[in-house]
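Notes for the one structure printed next.
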Amino acid sequence: MNQVPSLRTLIFLAGFVALTSVRMTIAAAPELEFDHVWIVVSRDAPERAALERVGLKISPNVNRNDGQGTASVSAEFLNAYIELMWPDPTVSVAQGAERGLEKFKNRMNWRTSGWCPIGIALHRAGPATTLPFPTWSIAPDWMPKGTAIEVLTARDDTKSPSFFIEPPVLAVKEEANRKLAENDPKRAAFEHPIGVERITAIQIIRPKEYQPVAAFTYLEQAGIFKSTEGKEWSDGGERHVRPSREGSGRAQRGNDEIQWAIEITFDGGRKSQTKDLRPDLPLIIHY
């Protein structure tokens, strides 16, 4: 005799199917981890003063990205780094790479161009699983031969951050950094006046009108970063000018606050301190 399944049985089966589906989705996702962030700045990065003012150390070396036409400096941490990058006319540009350099120039002029000045680098912690959207690769002259960067942001995208995956040889290796000898000169790069060691969270502040592309949504859902919509600073419907929080003497327009920015948290924010580096840099740090 056939029996009609009870409501409790149906609920259990539905829940089991849903749970199985979730597990399959998670298992199929590539294991990506945050590696570093870059911000495109003015030539020779005078904006580095904003990082130094809040107690971050800039490594003395200037990286010349041959073939790409850019140079950069960085503040390094055990598990990541913040890179300030700029188009540099003294650095070579490979034939065919002119379009890429033009993108960096547009990102540098983000206040007027509308481009995003931020790049988020990832590295793989597992096998190279195919992503659910088109990607493309670049291999500038400065990279080790036989390696390439996988770019997740579409070639013709003029609105989004730059998302890309570093090859293993370029990925930040926290375990190796922790094992450096006390007298190793490389350790000095991690010794910041404010005592931070690791980047533990990032949040992207996006303009109100920005519509997230597939890569943005995918990485946010994967937990690489969180995002929030920027808010205008206003009183009674009127936009205001407020001074920079870092005392640079420059004023910040109300609409600067609804442009791109990134919030970086160090060490879980254990000291409950926040520094807003705008308008010098579209960056807020918590430590």
I'd like the full set of residues that are open to solvent by 100 Å² or more (accessible area, probe 1.4 Å) and more than 23 Å from the chain's Cα centre (by Cα), limited to region 163-192.
179, 182, 183, 185, 186
Sole exception among (1) open to solvent by less than 50 Å² (accessible area, probe 1.4 Å); (2) part of a loop (DSSP other than H, G, I, E, B) for residue 145, by number
(1)
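Here's the yes/no breakdown for (1) under 26 Å from residue 76 (Cα atoms); (2) modelled with pLDDT under 95; (3) more than 14 Å from the chain's Cα centre (by Cα):
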site: 206; (1), (2), (3): yes, no, no
site: 213; (1), (2), (3): no, no, yes
site: 225; (1), (2), (3): yes, no, no
site: 232; (1), (2), (3): no, yes, yes
site: 250; (1), (2), (3): no, yes, yes
site: 273; (1), (2), (3): yes, no, yes
site: 277; (1), (2), (3): yes, no, yes
site: 283; (1), (2), (3): yes, no, no
Conditions (1) within 13 Å of the chain's Cα centre (by Cα); (2) over 20 Å from residue 57 (Cβ atoms); (3) open to solvent by 60 Å² or more (accessible area, probe 1.4 Å): number failed by residue 221:
(1)
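Do you know which of the residues in region 94-123 that are open to solvent by 50 Å² or more (accessible area, probe 1.4 Å) and in contact with a strand residue (DSSP E or B) (Cβ under 6 Å, 6 or more places away or on another chain) is nearest to residue 205 (Cα to Cα)? I'd like the intermediate steps shown before the answer.
As a first pass, look at region 94-123 and keep what is open to solvent by 50 Å² or more (accessible area, probe 1.4 Å): 95-96, 98-99, 102, 105, 108-109, 111-112.
In the following step, the residues that additionally are in contact with a strand residue (DSSP E or B) (Cβ under 6 Å, 6 or more places away or on another chain) were identified as 105, 108.
Numbers: 105: 21, 108: 17 Å.
Taking the candidates together, the pick is 108.
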Only one residue in 140, 134, 193 is out of contact with any Gly (no Cβ under 6 Å at 6 or more places or on another chain), in a loop (DSSP other than H, G, I, E, B) and not polar (S, T, N, Q). Which one?
134
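The values are calculated or read from the model by the stated rules, or taken from the named source; none is laboratory data. A quick note: this is a predicted structure, and the numbers were derived from the prediction, not measured. Here the Cβ is made from the backbone with ideal geometry for all residues, glycine too, and neighbour counts use every protein chain on show. With ligands, DNA and RNA removed, areas are computed over all heavy atoms of the protein, side chains included. Shrake-Rupley method; radii C 1.70, N 1.55, O 1.52, S 1.80 Å.
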